[in-house]
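Reviewing the structure listed below.
The values are calculated or read from the model by the stated rules, or taken from the named source; none is laboratory data. Predicted model, so just to flag it, every value in this text is computed and none were measured. Positions of Cβ are generated from backbone atoms using ideal geometry, with glycine treated the same way; all protein chains shown enter the neighbour counts. The accessibility values were calculated without ligands, DNA or RNA, using every heavy atom of the protein model including side chains. Shrake-Rupley method; radii C 1.70, N 1.55, O 1.52, S 1.80 Å.
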Amino acid sequence: TNLLMSSSSSTVANIHAGTIVPNNIGLTSITVIATIGSASYSQSFRLFTIIPNDTYYICNKGLLEYVQIDQNSSSPYSGGEKIEVTGLDEADDQKWILTHIGSGYYSIISKASQLALTVQADYLNTANKAIVQTAYTGLDSQKWKIDLSSSGAYIIRPKSGESYATDWCMSAGSS
C-alpha cells in the first residue's frame, strides 16, 4: 500500500520527502487524511516547531530598530545594564543567542556579555519598565515565549508575566 502525502495549504505545512514540516513557529494543528482503496482515514495532530538555537538580531518591526545593550554601558558588563533599541550596527551587543529551554520557552543571551535578558524583579506586572541583562539562573523573568503574529512579526513575552491579566510583551519605549 502506498501513501501519498500532500498539503492543501502551504501556509500551514509543506511535505518534504515524506516529512510534514510546519511553516509557523509555535503550535500548528494539521489533519492528515489517508485514502486506502475506498476507505478514508483522518487523524489530527498538533505540532510544535521551535526557532533553531542560533544567534539572531532582534528588530522592532514598527521602528526598524534593533535590541542592544545600552550604548552608555561599556564592556566588561557586570549585569544590570538596561536594554535599548537603535539602528543596526552589527556589533556583538546587538546579537542575541536564542536557546530553546523547553515547553516553548527560550533564553535570550547577549553575545557580547553572555548575560540574559531579564525583566526586573520588582516590575513583573508593571508597564513600561526596562529590561536589563543579568546572569542566567533560570528564573521565569528570564524565560521568553516567542510567537509568530498574523502580521509576520514575532511577539516576545516573558514567562514571569503570564499569570497577570495584562498581556505583557517586549516592546520599545522611552525612559
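List of remarks:
- Test: residue in the stretch 81-104 that is among the basic types (Lys, Arg), in a loop (DSSP other than H, G, I, E, B) and exposed (fewer than 15 other Cβ atoms within 10 Å of the Cβ): no
- Looking only at residues of the stretch 119-156 that are part of a strand (DSSP E or B), open to solvent by less than 70 Å² (accessible area, probe 1.4 Å) and within 17 Å of residue 56 (Cα to Cα), we find that the one that is modelled with the lowest pLDDT is 148.
- In the stretch 95-111, the residues that are over 11 Å from the mean Cα position of the chain (by Cα) and under 14 Å from residue 140 (Cα atoms): 101, 102, 103
- Output for the stretch 63-80, where each listed residue is open to solvent by less than 40 Å² (accessible area, probe 1.4 Å) and either farther than 21 Å from residue 120 by Cα or modelled with pLDDT under 90 (or both): 70, 73, 79
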